[in-house]
Amino acid sequence: MIATSIKLNSATFDYYILRINSNSSLQEIQSKLITLREFDKTSRHLVIECDSQLDLTSFSQQIQQIDALAMQYGLEINFILANQFTRGGIIAGKPVIDLPSTLKPQVILNQTLLIDEPVRSGIMVKNDGDVIVTSLVSHNAEIIATGNIHIYGDCRGRVIAGNGGNKKAKIFIGRFNAELISIAGVYRVIEDKLPDSLHNKAVQIFLDDKERLNIMPLAI
Amino acid sequence: MKQKIRGQMQLKHTIVGANMAKEAKVIVVTSGKGGVGKTTTSASFATGLANRGFKTVVIDFDIGLRNLDLIMGCERRVVYDFVNVICGEATLHQALIKDKNCDNLYILAASQTKDKDALSEENVGRIIAELKKTFDYVVCDSPAGIEKGAFMALYFADEALIVTNPEVSSVRDSDRILGILASKSQRAVEGREKIKEHMIITRYNPERVESGEMLSIEDIQDILRIPVLGVTPESQDVLQASNTGTPVINLVGTNVAEAYADIVARFLGEDKPMRFTVAEKKGFLKRMFGGK
């Protein structure tokens, strides 16, 4: 199973691809769905990809059976991936959609961006991967990273880590005075004065298992 | 301690500079915020450099709201302006106005009537390149804001004087301008050595700083992290100077004039201690009988 996200009608959602062929039995598929449920409790979207040549009527039946099965696990089959084996507009009520090549699942390369100069007001730094800033981040400056963010100097701006859904991303700051912190979309604006243990001190910010932002002083 | 270190660093800078051929330097005087003292500083800084023997030209980039010519006292001698030269209606030689006090100083006034749209990177670049052939220093007086006029003024800069008042909104805007200098100037776009940034704190009132109303030099340095070239005190002489059409550095003996002379000296590499940064301790008699 491969997980990736796709933009459809300007809404983004994660979908899982279920690869089947003419030999796939319903039991195999059911065990796969159970594994998926255990792995990702919130997934809802499923997409069928066909591995080998199938007879259209039996394929159609198979899809209907999988659909009923998936419904039991709270999963919904959104569409069928068009490839050399599946053609035609609709099979068993599910549309056959051709993904543009840019949306095909790709391995993302995590590259760390290192910034040695102060990040000034109004500047936005965006990176796919981690970001390390050895100097300060001014008011109204933004750091947006899909991975972790490490700031060794003062942080007075906005830090947005885990952009794109990485809930395990963390933020490390040398002198904490940020305006806005966010991990994987869970954000908090810091308007009131922080307690002395956190204000202008070294902190670590992470999401706990209840998806709440935790700010913990680093013992340096 | 801080000043000693800066003095040593500046000494190194002059030794290296002496070996290289002297190329003209473009200096932008900018701030982001309006009304902090950019035009006052441009006029006095350019006059100070000219008085030291360097051929200096000061350009007003505030098209439509020009006042550099007023401060320099040459508003009645403006025949051709910056936009006339850009559009080819006049040569640089015809537009440049020689200062009445100093032979080394020339002024290029902005247009009062034309639109800012006349400015573009190519034609402004052409004029600055031509000026660099005959002058040692080209001082660009930037308008307030971050729009086209300000952008053109800072685009070709080699060094920048960031003028800041010791209060929060001015410091914030200066921070924004520093960001633009580091990312959108020609040096940044072409990947060359970055613009050398200097801070000038104007309208500094030591009493208000000590009472906590105004930001101190250390506070401002903590936020902006660039070296302080100088501090000018709040003074009524500035208004008097602009009323009489002379740069305030020419009012010899006043605090502000001394401060600007110090700034020019430090810019050229001399080590001068900071003055006018500590509140005067009023003697007994002064406190009894009032007085500043």
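If B:LEU154 satisfies all but one of (1) more than 27 Å from B:PRO273 (Cα to Cα); (2) under 15 Å from the mean Cα position of the chain (by Cα); (3) more than 14 Å from chain A (Cβ to nearest Cβ), what's the number of the condition it fails?
So the condition that B:LEU154 fails would be (3).
Quick one: in the range B:203-217, which of the residues that are of a type in the set (D, E, K, R) and out of contact with any strand residue (DSSP E or B) (no Cβ under 9 Å at 6 or more places or on another chain) is farthest from the other protein chains (Cβ to nearest Cβ)?
B:GLU207
Are there any pairs, at least 6 apart or on different chains, whose C-beta atoms fall under 7 Å, with the first in the range B:27-51 and touching a residue at least 12 places away in the same chain (Cβ under 8 Å) and within 20 Å of B:ASP173 (Cβ to Cβ) and the second surrounded by 24 or more Cβ atoms within 10 Å (Cβ to Cβ) and of a type in the set (Lys, Arg), and if so, which?
What qualifies is B:VAL29/B:LYS38; B:THR30/B:LYS38; B:SER31/B:LYS38.
Listed residues B:ARG275, B:ARG287; which is surrounded by fewer than 17 Cβ atoms within 10 Å (Cβ to Cβ) and in a loop (DSSP other than H, G, I, E, B)?
Exactly one residue qualifies, and that residue is B:ARG275.
Out of the residues in the range B:165-202 that are crowded, with 19+ Cβ neighbours inside 10 Å, within 13 Å of chain A (Cβ to nearest Cβ) and among the β-branched types (Val, Ile, Thr), state the one that is farthest from B:VAL124 (Cα to Cα).
B:VAL171
Report, by residue number, each residue of the range A:198-217 that is under 14 Å from A:LYS168 (Cβ atoms), assigned to a strand (DSSP E or B) and of a type outside the set (S, T, N, Q).
Selection gives A:ILE205, A:PHE206, A:LEU207, A:LEU213.
Would you mind stating whether B:ILE59 is in contact with a strand residue (DSSP E or B) (Cβ under 7 Å, 6 or more places away or on another chain), outside any loop (DSSP other than H, G, I, E, B) and under 22 Å from B:TYR260 (Cβ atoms)?
yes
Does B:GLY145 satisfy the criteria of being within 22 Å of B:THR41 (Cβ to Cβ), surrounded by 20 or more Cβ atoms within 10 Å (Cβ to Cβ) and at pLDDT below 95?
Taking the combined requirement at face value, the residue does not satisfy it.
Among the residues of the range B:219-235, which ones are farther than 19 Å from B:THR30 by Cβ and either touching a Ser or Thr at 6+ places or on another chain (Cβ under 9 Å) or at pLDDT 95 or above (or both)?
Of everything in the range B:219-235, those that are farther than 19 Å from B:THR30 by Cβ and either touching a Ser or Thr at 6+ places or on another chain (Cβ under 9 Å) or at pLDDT 95 or above (or both) turn out to be B:PRO233, B:GLU234, B:SER235.
The values are calculated or read from the model by the stated rules, or taken from the named source; none is laboratory data. Keep in mind it's a predicted model, so treat the numbers as computed, not measured. All Cβ positions, even for glycine, are placed from backbone atoms using ideal geometry, and neighbour counts span all protein chains on display.
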